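To keep things clear, I will list the structure first and then write my remarks on it.
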Amino acid sequence: MNRRKFVNNTLTAAGGLAIAGVTSSFASDRNAHFKAQSAKTVQQIIDMVLKAGNLKPIPNTVDTLKSGSPEMVVNGIVTTMFATTAVIEQAVKLGANFIIAHEPTFFNHVDNKEMVPNNPVVKQKAELLARHNIAVWRCHDYIHSIKPDVVGYGFLKKTNWLQYYKPTDKYTITLPDATLQQMVQHLKQTLNIPHLRVVGDLNQQCRRVTLIPGAAGGLMQMTAAVADQPDVLVVGEVSEWETAEYFRDGNLQGRKMALIVLGHSYSEEPGMEYFVEWLQPKLPGIKITHIASGEPFKWV
């Protein structure tokens with residue numbers, strides 16, 4: 001290669017490297033700018049949920065931070081029913097430092113860590129959260145206040161019953177004819193539940209269904225059963241000495257009334273799963289993942 005060609009080729013290569021360097025620098029700056037724009041603190045995300053849900057602050061709500069601080073910058077979000085030790089550990093593996101849980105983290109309604117003094121399980125869990133610098137926000141009162149209720153909507157979507165829901169319906173929907181046994185099988189399949197507790201005749205025809213996920217309590221469950229007169233009441237959990245006995249006596253009196261008990265977690269987890277769909281478009285720069293906490297029981 002003669003001297004002139006060598007000089008020309010060297011200049012061309014140098015120019016290409018310079019352009020590549022400028023392009024790379026521009027892309028890096030743009031990515032940094034995007035990350036800076038999408039960065040949100042815990043409090044900013046909580047405020048966004050309230051604003052997007054058209055919600056006002058609820059006095060004395062249990063929806064407070066259970067760990068972490070409002071100023072923490074969020075790297076990733078996990079939604080779940082219960083922020084169990086397993087869920088926390090999975091969040092760490094995902095690089096997520098903000099858990100939005102529907103139910104308590106420290107085993108009582110107001111998350112009082114001192115309800116049982118010197119509780120070793122509470123202490124170890126709190127230390128786990130602190131060690132990994134994870135914020136946990138309970139979102140119970142607010143998520144149920146969004147219209148439509150995110151938990152109920154998620155349940156209907158998961159069970160493929162959304163098509164039967166009308167905005168005017170509060171709890172009760174009308175389904176195609178099915179026996180109680182068929183309805184049980186449908187719920188087990190769509191919600192991936194290995195077992196259900198049922199009161200009533202499995203051959204009973206069921207069309208009118210009242211849905212009350214979670215732990216609404218005997219008063220609300222029995223009031224809905226009387227007011228809505230469903231063929232079957234589907235709930236999360238019951239006080240066995242209240243709602244379950246009410247339905248047992250109703251059947252002993254010859255009434256066609258059925259009760260399906262899903263389990264608390266199984267009944268509301270679909271709502272926290274759907275919450276990812278609700279949140280993600282509003283937070284495009286943050287990865288949001290649902291981790292099912294499952295139920296605590298083994299059936300033996």
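The values are calculated or read from the model by the stated rules, or taken from the named source; none is laboratory data. Just so we're clear, the structure is a prediction, and the values are computed from it rather than from any experiment. Glycine also receives a Cβ, built like all others from the backbone with ideal geometry; neighbour counts cover every protein chain displayed. These area figures cover heavy atoms from the full protein model, side chains too; ligands, DNA and RNA do not enter into them. Shrake-Rupley method; radii C 1.70, N 1.55, O 1.52, S 1.80 Å.
Working only within segment 238-255, note down all residues that are buried (at least 16 other Cβ atoms within 10 Å of the Cβ) and either part of a helix (DSSP H, G or I) or acidic (Asp, Glu) (or both).
Answer for segment 238-255, where residues must be buried (at least 16 other Cβ atoms within 10 Å of the Cβ) and either part of a helix (DSSP H, G or I) or acidic (Asp, Glu) (or both): Thr243, Ala244, Tyr246, Phe247, Gly250, Asn251.
Which of the numbered conditions does Phe297 fail, given that it passes all the others? Conditions: (1) in contact with a Gly (Cβ under 9 Å, 6 or more places away or on another chain); (2) of a type outside the set (Gly, Ala, Ser); (3) open to solvent by less than 50 Å² (accessible area, probe 1.4 Å).
Single failed check for Phe297: (3).
Assuming Gly285 fulfils every condition listed in (1) within 29 Å of Asp201 (Cβ to Cβ); (2) in a loop (DSSP other than H, G, I, E, B); (3) among the small types (Gly, Ala, Ser) apart from one, which condition is it?
(1)
Does segment 187-215 hold any residues that are open to solvent by 50 Å² or more (accessible area, probe 1.4 Å) and either within 23 Å of Ser293 (Cβ to Cβ) or in a strand (DSSP E or B) (or both), and which are they?
Lys188, Gln189, Asn192, Pro194, Arg197, Val198, Gln205, Arg207, Arg208, Ala215
Filter segment 155-181 down to the residues that are in contact (Cβ under 8 Å) with a residue 24 or more places away in the chain and either open to solvent by 50 Å² or more (accessible area, probe 1.4 Å) or under 15 Å from Glu269 (Cβ atoms) (or both) and list them by number.
The answer is Phe155, Leu156, Lys157, Lys158, Thr159, Asn160, Tyr171, Thr174, Pro176, Asp177.
Looking at Leu219, Leu279, which is the one that is assigned to a helix (DSSP H, G or I), touching a helix residue (DSSP H, G or I) at 6+ places or on another chain (Cβ under 9 Å) and free of Cβ contacts under 8 Å to residues at least 60 places away in the same chain?
Leu219
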